[in-house]
Amino acid sequence: MTTTYELVADLLTEHMGVPENIIKPDATFEDLELDSLSIVELTVIIEDRLGVQLTQEDVKPTLGEFCQVVEKRRGGGEAVGTDTARHDVPTTPTIP
């Protein structure tokens, strides 16, 4: 079974191009050379893969702390694959 940290580390290398040798639990997103757009992209991928919802407040200073939050979301009652779509947001554009 893959741990949350391993999953996030794999996503960082595969999707974000972060070299494996700098991925460490105490690394900050700045250490990993991720800008705010890259962090948003990473959280969206994690949400899709794990069926969890993450907020801006969930993005913690270090990779290890962030993975702990993601792990809590995984075990916090939301099963992987559940419908986490926001139903209050229109899915089709409205024309004025």
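List pairs: first in the range 6-21 and without any contact (Cβ under 8 Å) to a residue 60 or more places away in the chain, second of a type in the set (Asp, Glu) and assigned to a helix (DSSP H, G or I), Cβ under 6 Å, 6+ apart or cross-chain? Filtered contacts from the range 6-21: Thr13/Glu20.
Residues checked against (1) of a type in the set (Ser, Thr, Tyr); (2) at pLDDT below 95; (3) surrounded by 13 or more Cβ atoms within 10 Å (Cβ to Cβ):
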site	(1), (2), (3)
Thr3	yes, yes, no
Ala9	no, no, yes
Leu12	no, no, yes
Val18	no, no, yes
Asn21	no, no, no
Ala27	no, no, yes
Leu32	no, no, yes
Ser36	yes, yes, no
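Consider Lys24 carefully, then state whether it is basic (Lys, Arg) and free of Cβ contacts under 8 Å to residues at least 12 places away in the same chain. It is false that Lys24 is basic (Lys, Arg) and free of Cβ contacts under 8 Å to residues at least 12 places away in the same chain.
State all residues of the range 32-47 that are over 9 Å from the mean Cα position of the chain (by Cα) and assigned to a helix (DSSP H, G or I); if no residue qualifies, say none.
Within the range 32-47, the subset over 9 Å from the mean Cα position of the chain (by Cα) is 32-38.
Across the range 32-47, the qualifying residues are Ser36, Leu37, Ser38.
Evaluating Thr43 against the criteria (1) surrounded by fewer than 16 Cβ atoms within 10 Å (Cβ to Cβ); (2) out of contact with any strand residue (DSSP E or B) (no Cβ under 7 Å at 6 or more places or on another chain); (3) of a type in the set (S, T, N, Q) leaves one unmet condition, (1).
The values are calculated or read from the model by the stated rules, or taken from the named source; none is laboratory data. Every value quoted in this text rests on a predicted model; they were computed, and no experiment measured them. Positions of Cβ are generated from backbone atoms using ideal geometry, with glycine treated the same way; all protein chains shown enter the neighbour counts.
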